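Each remark here refers to the structure printed beneath this line.
The values are calculated or read from the model by the stated rules, or taken from the named source; none is laboratory data. From a predicted model like this one, the values you see are computed outputs, not experimental measurements. All Cβ positions, glycine included, derive from the backbone under ideal geometry; neighbour counts span all protein chains shown. Ligands, DNA and RNA are stripped out before the accessible areas are found, and what is left, the full protein with its side chains, is counted by its heavy atoms. Shrake-Rupley method; radii C 1.70, N 1.55, O 1.52, S 1.80 Å.
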Amino acid sequence: KYFDMNIACGEICIIFHEIASPLSAINIYVLDSVLGIDCNMEKKICQSCGMALGDPGFYGTNSDDSRNEDYCIYCFAGGEFNEELTMEEMIEQCAEMYAMNSGGDAAAVEAARTHMTELFPTLKRWKK
């Protein structure tokens, strides 16, 4: 729907990221697991929501307005988290966002939610 299946895998992944950059780690999971496309791209991701941090504009900021290397602008600005959420609340919030971006495909949303449930406990914000 969004990309030509005849182009190289790396190009598919890059195009997909440009279309749906929020939750890119989850989008890679959907490409890999749901669509069966091997998308082995090393991306730095937000340590709160899993979004790819490739574009400099996606990085959060520290209290001195310097770039924060761990979190995206949607999760962290001015040296603080934008919202105080539990990990479970963040997963649901991200799943809702993913549902909007994926056209509400229930199987893809559930696959993304399952992946988030596995990924998020490994992220810096949620590690115990």
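Taking θ as phi - 60° and the Karplus parameters 6.51, -1.76 and 1.60, the scalar couplings of segment 76-90 work out to 9, 8, x, x, 9, 5, 5, 9, 8, 10, 7, 4, 5, 5, 5 Hz in sequence order, x denoting glycine and proline. For residue 44, the residues whose modelled amide H falls within less than 5 Å of its own, excluding neighbours fewer than 5 places apart on the same chain, are 53.
Surface composition of segment 45-104: carbon plus sulfur atoms hold 50% of the accessible area, using a 1.4 angstrom probe and ignoring ligands, DNA and RNA. Each peptide in 112-119, 88-95 gets a packing score, the mean of other Cβ atoms within 10 Å over its residues, and the list from highest to lowest is 112-119, 88-95. Per residue, the accessible area of segment 50-104 comes to 56 Å², computed with a 1.4 Å probe over protein heavy atoms only.
The H on the amide N of residue 59, modeled in the peptide plane, is under 5 Å from the matching H of 73, each at least 5 residues off or on a different chain. Between residue 49 and 72, the built amide H atoms are under 5 Å apart, and every one of these is 5 or more places off in sequence or on another chain.
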